[in-house]
Amino acid sequence: MISETRPKDFNPKFPAIGIYLMHEGKFLLMKFATKHGRKWSGPSGKVAKGEDPMDAAIRETFEETGIRINPEHLVFLFDAYVQYADYAFEWFAYRYELSEKPDVVLSVEHDEYRWVTPEEALTYDLMQDEDWCIRKTFGLK
C-alpha cells in the first residue's frame, strides 16, 4: 500500500527514490532483467546511508541508464509512504526534462527499455504501486 499520509506506527526500513526522465512527453521505462518479477519501472533504487535522496536520484539514474543529469534541473515531485506486509519504506519521486533523447546504456539490472507516454506506461506490467506514482505525477485517474 502506498499513501501520501504517513501511516500510524510507520517504521521504514530504508528510503528509496524514483525518477521520471522526460523527453517530448514520454518517459523512460525499463524492464528488470531478473529481479522484481521482470516488471517495469523508471530508474529507481535505495538511498544509501548518509546520502541525500536527490543525490541518490542522480546516482541511480547514471548507474541504471548511463545518463548524467544536472542537479539544478532535477525537480522534486512528492514523497510517499509504502507499507508492505514485511517491510516499509519512504519513497521520493523526481522528474527531469531532457532536451535531447540520450543514448541509454542499461545496467545489468535491466534488459529492455522504452520511451512511453504516461497512458502507455499504465498498460505495462509495472512494479507494485508504480501505477499510483504515474497517476499522481501526471494527473491521471
Output the qualifying pairs, or none if there are none: Cβ atoms under 8 angstrom, residues six or more apart or on different chains, first residue in region 1-22 and within 20 Å of Glu60 (Cα to Cα), second residue part of a strand (DSSP E or B) and of a type in the set (S, T, N, Q). Ala16/Ser44; Ile17/Ser44; Gly18/Ser41; Gly18/Ser44; Ile19/Ser44
Would a scan of region 82-101 turn up a residue that is over 18 Å from Lys35 (Cα atoms), of a type in the set (S, T, N, Q), surrounded by 15 or more Cβ atoms within 10 Å (Cβ to Cβ) and in contact with a Ser or Thr (Cβ under 8 Å, 6 or more places away or on another chain)? yes
Only one of (1) touching a residue at least 24 places away in the same chain (Cβ under 8 Å); (2) closer than 21 Å to Gly45 by Cα does not apply to Thr117, and that is (2)
Selection status of Arg68, in contact with an Asp or Glu (Cβ under 8 Å, 6 or more places away or on another chain), of a type outside the set (Gly, Ala, Ser) and free of Cβ contacts under 8 Å to residues at least 60 places away in the same chain: no
So Phe32, is it among the aromatic types (Phe, Trp, Tyr) and over 17 Å from Arg114 (Cβ atoms): no
Take Ile58 and decide whether it is more than 12 Å from the chain's Cα centre (by Cα) and over 17 Å from Ile2 (Cα atoms). no
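Read the figures in this text as sums done on the coordinates, not as results from a lab. Just so it is clear, the structure is predicted and the values come from calculations on it, not from any experiment. Backbone-built Cβ (ideal geometry, glycine too); neighbour counts: all protein chains shown.
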